């Protein structure tokens, strides 16, 4: 692996035929089929049908409420659009276990207001993709998900995290009566432009604590959750992106320096 390859980590899930990451929420999965072939028609064309929950997505409060900004509206207001400073934390948690405040506390000290926090829970989704031979379509994927404890979510919220990302599908206890622990998610979304980014892959390849995150959403107007192909930059590339980010977010301070 070259230096630049190790510094650019693609953390999004692929869009795969037959995948349905949330079968307890919806019956529809991803359908990819060829409708024209080069041999027969002189051109290759495929039809792709999927929902905004069938691969890595970024979503706002509009996923659970009719009030608030859509992802594209959030990005449009930011000088750096979908580029964020992010802190990455690797947590040793069992399937179905809770991620506690003590698991995150040290890393949370590095978080600045409006940063992203990316949480690696023992490569949960990476392992499920291997286990399911690349196609996840079972309830157990959600029901066995690690999740944030109430205290952990309070710490995340109080630190001013703007994007909360992780390599697991349910951020609150999926086995609660409310279903998917909407209580603490709603609390996180009280800051109207906060967003969730999930499920992620390859976080084990991220070695830096502080990185640059580019969300890379597909621009679909009107959608509360957008499929995306996020990238993490570490090493020397991270430094360049974070310098640009600092200039974009604080142009006056940059000129004074």
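Tabulated data
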item: Those residues of the stretch 139-160 which are farther than 21 Å from residue 27 by Cα, touching a helix residue (DSSP H, G or I) at 6+ places or on another chain (Cβ under 8 Å) and in contact (Cβ under 8 Å) with a residue 40 or more places away in the chain, in sequence order; result: 146, 148, 149, 151, 152, 154, 155, 156, 159
item: Filtered residue count, the stretch 224-239, keeping only those that are modelled with pLDDT under 95 and either within 21 Å of residue 67 (Cα to Cα) or surrounded by 17 or more Cβ atoms within 10 Å (Cβ to Cβ) (or both); result: 1
item: Whichever residue in the stretch 35-55 is touching a strand residue (DSSP E or B) at 6+ places or on another chain (Cβ under 6 Å) and assigned to a loop (DSSP other than H, G, I, E, B) and, among such residues, is surrounded by the most Cβ atoms within 10 Å (Cβ to Cβ); result: 55
item: Leading residue by the ranking (nearest to the chain's Cα centre (by Cα)) among those in the stretch 183-195 that are more than 10 Å from residue 164 (Cα to Cα) and not in a loop (DSSP other than H, G, I, E, B); result: 185
item: Single residue of the stretch 189-198 satisfying the filter (surrounded by 21 or more Cβ atoms within 10 Å (Cβ to Cβ) and in contact with a strand residue (DSSP E or B) (Cβ under 7 Å, 6 or more places away or on another chain)) that is nearest to residue 68 (Cα to Cα); result: 195
item: Matching residues, the stretch 3-34, being touching a helix residue (DSSP H, G or I) at 6+ places or on another chain (Cβ under 8 Å) and either within 21 Å of residue 217 (Cβ to Cβ) or in a helix (DSSP H, G or I) (or both); result: 3, 4, 6, 7, 8, 9, 11, 13, 21, 22
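The values are calculated or read from the model by the stated rules, or taken from the named source; none is laboratory data. Small disclaimer: the values here were computed from a predicted structure and weren't measured. Positions of Cβ are backbone-derived with ideal geometry, glycine not excepted, and every protein chain shown enters the neighbour counts.
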